[in-house]
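J.: The structure that follows is given in the form of structure tokens.
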Amino acid sequence: MNTSIGDRIRALREFRDITQDELARRSSVSVDTIRKLEQGVRESARINTLRALARALDVQLERLVGQPTVTQQLTDDGGLLALRDAIQDLGSLPGVLGDGDLEEPPGPLEWAEQVQAATATYWGGGYSELAATLPALLRDGRATARQHETEAVWRSLALAYQLAASLSTQSGHPDWAYTAVEKQLAGAARASDPLMEGMGVSTLSWVLLRQGRWEQARDVAERKADQLEPPRRRATANQLAVYGNLLIAAATPAARADHHDEAMDLLTLAESAAVQSGPVKAYGTAFSVTDVRTQQVNIALAGAEGRPDVALTASAGVDLATISRPVHSASYRVDVAQARYQTGDNAGALELLLEVEADQPEWIRFQAGALATVREMLEVERRRNGTLRGLASRLGVDPAL
């Protein structure tokens, strides 16, 4: 049986034992909107409205909109539950005896190459493939670190846990991600690598953001950026890239809290760092002027009242061909599609969402923003649109609205 967003809101509100008026007060969403959602008069709302309701109901946005929390393909040795078990390694707990290494682990160089390949799979949107291989990669990494306690091995293990945190977050399991970040930071400490530690804090900020802990998400990223701010005349490209990524991480929750001017100030600093560094690929991520400018589009849509016209203006400064990571390109285009829809260009929004689906058919099913935009488009369609309804069906959004 399909349940609508309104069904989930009503169930959660009743579970919390609060009235529609009380939910309206807590969320700053009108009681009329809440009533229409619960009665099925409206099937969806703007993504920022849904974020406010999720926060007021003390639930993750992904649960409210019905984002899938599993990958599409089943495998014998991997999958998300196996990833959970690999992250929450019982043998790492004090006083608990592990199974030991059941077979000879790969050598440090071989294992580091496997981590790099897994990183490419993540940024390519291959979540099912990564979920199938990452649990064993983490187990092998721990075994390799026990036999070869070098800083390089610990750095690679930190990167592997960064991947685990990212995949867990994308698939709707931020609590697993938090544990993975703890282990990423521990690996960075063993590697004596302050920049890897900085990337761990950037990952932590994203996890906190997805948990709805906006103030903490901004605070941890901004304080770490202040600590790692490099001397600009002698800064290396990697130093600038990590510093810039932390500024970007701080800007997003600032915009969600309607501090748009402060968010833009952070992105201005990040763009200045990107101009000096040039395009950088390091520590499992990328950093460039284009990366910063795509984030300008994203933050324009954030907050209680998004500014889609500002987002579209900012998108004119983005060269799509220079976005180096396929998933990042898809995320940016989903933002532009949302801005197009909110400015009345439904056809342009649908065209772009179909393009993203063609490029990233698995990834898009995990994106709350894309699902919410499709629901809104269905609700306001004036004529039956078979193409839109087909997309909704493939994304798991009930087209019979």
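Every number in this text was worked out from the coordinates using simple rules, so none of it is lab data. Bear in mind that the values here come from a model prediction, so they are computed numbers and not experimental data. Here the Cβ is made from the backbone with ideal geometry for all residues, glycine too, and neighbour counts use every protein chain on show.
J.: At 0.36 nm per residue, and after removing the present C-alpha to C-alpha distance, how many nm does the segment from Ala321 to Ser192 gain when stretched out fully?
T.: Stretched out fully, the Ala321 to Ser192 stretch lengthens by 42.8 nm.
J.: Oh, and also: I need to check one value: relative contact order of segment 75-192, counting alpha carbon pairs closer than 8 Å and at least 6 residues apart, in percent.
T.: 29
J.: How large is the charge dipole for the chain, taken about the Cα centre, if only the Cβ atoms of Lys, Arg (+1) and Asp, Glu (-1) carry charge, to the nearest 20 debye?
T.: 940
J.: Give the distance, in whole Å, between the Cα centre of segment 299-317 and the Cα centre of segment 251-280.
T.: Answer, in whole Å: 14.
J.: I need Phe366, Phe287, Phe15 ordered by Cβ neighbour count within 10 Å, fewest first.
T.: Least crowded to most crowded, the residues run Phe15, Phe366, Phe287.
J.: Lys/Arg Cβ at +1, Asp/Glu Cβ at -1, dipole of segment 75-192 taken about the Cα centre: which of Leu185, Leu81, Pro94 is farthest positive-ward?
T.: The Cα lying farthest towards the positive end belongs to Leu185.
J.: With the contact rule set at Cα under 8 Å and sequence spacing of 6 or more, what percent relative contact order holds for the chain?
T.: On the way: 604 pairs, mean separation 55.6, N = 401.
Answer for the chain is 14 percent.
J.: How would you rank 261-271, 109-119, 332-342, highest first, on the average number of other Cβ atoms within 10 Å across their residues?
T.: 332-342, 261-271, 109-119
J.: When the dipole is taken about the Cα centre of segment 208-287, and only Lys, Arg (+1) and Asp, Glu (-1) are charged at their Cβ, what size is it in debye, to the nearest 20?
T.: Numbers: 10 positive and 10 negative charges, 90 e Å.
Result for segment 208-287 is approximately 440 debye, rounded to the nearest 20.
J.: Please name which of Trp176, Tyr243, Ala330 has its Cα lying farthest along the dipole of the chain towards the positive end, using unit charges on Cβ (Lys, Arg +1; Asp, Glu -1) and the Cα centre as origin.
T.: Among Trp176, Tyr243, Ala330, the one farthest towards the positive end of the dipole of the chain is Ala330.
J.: Full-extension gain between Glu110 and Arg383, please, as 0.36 nm times their residue separation minus the C-alpha to C-alpha distance.
T.: Stretched out fully, the Glu110 to Arg383 stretch lengthens by 92.6 nm.
J.: Show me the ranking of peptides 151-159, 370-378 by mean Cβ neighbours inside 10 Å, starting with the highest.
T.: Ranked from most to least packed, the peptides come out as 370-378, 151-159.
J.: Here's something else I'd like to know. Per 10 Å bin, what percent of the C-alpha pairs of segment 146-268 does each bin hold, from zero upward?
T.: In order of increasing distance, the bins hold 15, 41, 33, 9, 1, 0 percent.
J.: Here's another thing I want to ask about it. Consider just the alpha-carbon atoms of segment 208-287 and return their Rg together with their Dmax, both in angstrom.
T.: Gyration radius and largest Cα-Cα distance of segment 208-287: 12.4, 38 Å.
J.: Helix 174-190 against the longest principal axis of the chain: what's the angle in degrees, Cα atoms only, rounded to the nearest 10?
T.: Approximately 30 degrees, to the nearest ten.
J.: Just order 301-313, 196-208 by mean Cβ neighbour count inside 10 Å, highest at the front, would you?
T.: Final packing ranking: 196-208, 301-313.
J.: Would you mind calculating the relative contact order of segment 208-287 from Cα pairs under 8 angstrom and at least 6 residues apart, reporting the percent as a whole number?
T.: After rounding, I find 31 percent.
J.: Which whole-angstrom value gives the distance between the alpha carbon centres of segment 5-48 and segment 149-164?
T.: Segment 5-48 and segment 149-164 have Cα centres spaced 44 Å from each other.
J.: What is the sum of charges, Lys and Arg at +1 and Asp and Glu at -1, for the other residues whose Cβ falls under 13 Å from the Cβ of Ala24?
T.: Residues near Ala24 contribute +1 overall.
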